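The values are calculated or read from the model by the stated rules, or taken from the named source; none is laboratory data. Please read all numbers here as calculations on a predicted model, not as lab measurements. Don't worry about glycine lacking a Cβ; one is built from the backbone with ideal geometry, like all the others, and counts go over all protein chains shown.
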Amino acid sequence: MSILKKALTTAAMASALLAGAAQAEDMRIAIVAKALGIGFFEAANKGAQEAAEELGDVEIIYTGPTDTTAEGQVEVINSLIAQRVDAIAVSANDTDALVPTLKKAMQRGITVISWDSGVAPEGRQMHLNPSSAPLIGNMIIKLAADNMPEGGQVAVLSATTTSTNQNVWIEEMNKVAGDYPDVEVVGTVYGDDLADKSYRETQGLLKTYPDLKAIIAPTSVGIVAAAQAVTDAGKIGEVNVTGLGLPSEMAGHVKSGASKSFAIWNPIDLGYSATMIAYHLAKGDASAEPGATIPMGRMGEVALDDNTEAAMADPFVYDASNVEEFADVF
Amino acid sequence: MTTIQTGRRIPDRLTSPLSRALKSWEALLLVVAVAIFVLNSVASPYFLDPWNLSDATFNFTEKAMIAFAMAMLIIAGDIDLSVGAIIALASTVMGVAMTLGAPTPVLVLLGLGTGLTCGAFNGLLVARLGLPAIVVTIGTMSLFRGISYIVLGDGAFTGYPSGFAWFGQGYVFWVITVEMVIFILAALGFGILLHRTNFGRMTYAIGNNATAARFSGIRVGRVRFILFLLTGLMSGVAAICLTSRLGSTRPSIAFGFELEVVTIVVLGGVAILGGSGSITGVVLAALVMGLVTFGLGLLNVPGIVMSIVVGALLIAVIALPRLWAMLRRG
C-alpha cells in the first residue's frame, strides 16, 4: 500500500504542477452523460455551452459511454483524468461503481461533482439534484390523480431495477400515495430504458389490468414508448400516460391525447447550473461543505445540505398549453 | 510422405518460417497495434504518459483474461456467451459473503469457486448431454444473471474490505497494476497450455474434426468439459478484479462483456468455427482494442463513433488479407 500511496502522491503532485502550468489556458469542464444520444443530456450540454459562453474562459467537453453502463463511464472518466481536465460533472449510471475512479480523479486535483443521478458522497464534492425527490414523487402521482377524478388503477413503468433516480422517485411516490386515496397503484414494471422493451411491458400492463386508468413512466424513454403502446392499442382517453418526459418527444402524444400532461425540470438549466457550480469549485471561490452556498449564474444560488447535496428547482408541468413552445428547445 | 507417388513436384517445405511469420495474422496485428500507438501519440499530448497508459490497460485486462480461455474454447469449436453473467453471479456471491463478514482470501476463493461451478454447469450440459454450446450458454447467460437480480434486486453490495481493493486498484511496482500482472501470467499460462502441451494439440484436433479426434483416442467430452471449466475459472478471476476495481456489486455488472470478449478473440485471428488461432494473436488483439478505445477516448470521440470504429476495424482486419489474396490472384 505504501508504494501505491507514494505513486499516487507523485501523480497528484505532477498533475498539480501541470495544472498550474496550464492555468493560463481555458478551464476545461467535462460534462459526462449517462449515455450519448439521449435528448435529455444533449439539452444539458446546451445549457453547459451557454454557461461556458457566459463565463468566457471555459471549454466544455461533453462526453459519455454508448450504453448506460458503469464500466463504460469508468472508461470515459479514466480518459478525462488522463487529459487532466479541471472539473468533471457526471450523471452516474451507478452510485457506487464510479467511486474508486472518481476518488482517483480528486486525488489528482480534479474537481468532481455529480448532477441528475448522484454518486455516493465519498466519490464527489457535491451533488446537484434537478429537483428534490419528494417533490418529484408527489408530482408524478399528482399528475395521474388530477386527470382521473373518479380514481382507479395506476401502474408504474420504470427504467431499470438499478436506476438510482427512478427508484428514489417511486419510493417517494409511494410515501405520499396515502394523500391520493382514490388512486390504487397496482404494480411496477421495468422497460430498462429501451424503447422496444418499454413498449412490450406497457402492452403487458394493458392486458393484465384492463381497467387501468393511468400509467406513470418517470423516464423519458419509457413515457414515449408507453404513449405509443396506448395509442396503438386504441386506448387513448381510457388510459392516460404521464410521468417525466421531454417536450420534443411528447408533443405529438399530448396533441393526440395519449398524454394529458407530464413534468420535467429544464435540463438546459441543469447543465447550466452544473457547469456554473463546477466552475466556481474548480476556481476555488466557493467550497463544497455542508451549509455552504454556491452561486450558479442566472439560476441564483444553491445551499448544500448535510450530505453536500443541493436541489436546483421544482419540476415543471407541460400540457397542451405549453408543450409546443418547449418542443423546439429540447 | 516420401513414399507418395506424384506427377507434380512437391517442395520440401511450403515457405520459409520467416516469410510465414511475416505474413501471419499476428504480424498484421502487430503492425496495426504499432500504427495505432504512433497515431495516438501524435494525436494526443496526453497519450505517452506512463500513468495514463497504465490507466488505459483497465479497458481490456479483465476482458482479455477471459478471452484467453474463450480462445481455446472457440478453437475447440464451442463458445461461452455466459461469461458476463458468470461475473455477475460470482460478484454477487462474493458480495453476500462480504456482508456476512468474510475476509479477503475467502472472497477470492468464493469468486473462483463460483466461476468454476458455473463453468462446470455449462460443461456438463454441453459435453455430457451433447447440447449445442451456443444454446446452453445463452440460457445460462439469463440464468446466472437472473440469480444475481433475485439476490440483489435494485440494491448493491458496497463496503468490500480494504485489502480486497488490491486486485483491481493496486499496483505491484510503479505503474504496473495487479491486473496487468494477472493478464501477463494468464497469457503465459494459456500460451503454454495451448501451444506446448498435448492438451493444446487435442484442442486443435477437436476443433478441426471432433469425430476424427474421438477415433484417434482423444477423450473429446473431457477436453471440452475442462475448457468450459477454464472459461468459468477465468470469469471468476475477472469477477474478482472488476468487483475490486468498482468497489461494489450490482446485478448489471459486466453487462455485455461476452460480446467484447468474443470480439477480442475473433480480432486475434481465432477462427470462429474452430480449429485455428493463437494466444499471441489474442494478446495483440486485446492491446489493439485497448489502444483504440483509449486513444479515441483521449480525443473525446463519442462512444457511438468509437463502436463504429471498433466494428470497422474488426471487419477491415478480417477482410483485408482475403481481399489482398484475391487481388494478387486476379
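Structure data summary
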| read-out | value |
| --- | --- |
| Residue within region A:208-220 that is assigned to a helix (DSSP H, G or I), outside the structural domain of A:A35 (by TED's automatic domain parsing), surrounded by 21 or more Cβ atoms within 10 Å (Cβ to Cβ) and touching a residue at least 12 places away in the same chain (Cβ under 8 Å) present | yes |
| Selection from region B:260-308 of residues that are closer than 25 Å to B:I79 by Cβ and surrounded by fewer than 16 Cβ atoms within 10 Å (Cβ to Cβ) | B:A271, B:I272, B:L273, B:S276, B:S307, B:I308 |
| Selection status of A:L98, modelled with pLDDT of 90 or more, within 13 Å of chain B (Cβ to nearest Cβ) and more than 30 Å from A:F262 (Cβ to Cβ) | no |
| Top-ranked residue in region B:46-58 [being surrounded by fewer than 21 Cβ atoms within 10 Å (Cβ to Cβ) and aliphatic (A, V, I, L, M); ranked as nearest to B:A186 (Cα to Cα)] | B:L53 |
| Any helices (runs of 4 or more DSSP H) falling wholly within region B:163-275 and containing at least 2 residues that are within 14 Å of chain A (Cβ to nearest Cβ), at pLDDT 95 or above and under 22 Å from B:G119 (Cβ atoms) | B:220-246 |
| Region A:188-198, residues that are surrounded by fewer than 21 Cβ atoms within 10 Å (Cβ to Cβ), assigned to a helix (DSSP H, G or I) and not hydrophobic (A, V, I, L, M, F, W, C) | A:D196, A:K197 |
| Residue that is nearest to A:T219 (Cα to Cα) [pool: residues in region A:157-205 that are aliphatic (A, V, I, L, M) and within 13 Å of chain B (Cβ to nearest Cβ)] | A:A159 |
| Selection from region A:101-122 of residues that are at the interface with chain B (Cβ under 9 Å from one of its Cβ atoms) and either surrounded by 24 or more Cβ atoms within 10 Å (Cβ to Cβ) or of a type in the set (G, A, S) (or both) | A:T101, A:A120 |
| A:L212 being farther than 26 Å from A:F326 by Cα and touching a Lys or Arg at 6+ places or on another chain (Cβ under 8 Å) | no |
| Enumeration of residues in region A:55-73 that are more than 7 Å from every other protein chain (Cβ to nearest Cβ), under 16 Å from A:Q83 (Cβ atoms) and hydrophobic (A, V, I, L, M, F, W, C) | A:V58, A:I60 |
| Filter pass, B:L284 being at pLDDT below 85, away from chain A (no Cβ under 14 Å) and touching a helix residue (DSSP H, G or I) at 6+ places or on another chain (Cβ under 6 Å) | no |
| Filtered residue count, region B:33-61, keeping only those that are β-branched (V, I, T) and over 19 Å from the mean Cα position of the chain (by Cα) | 4 |
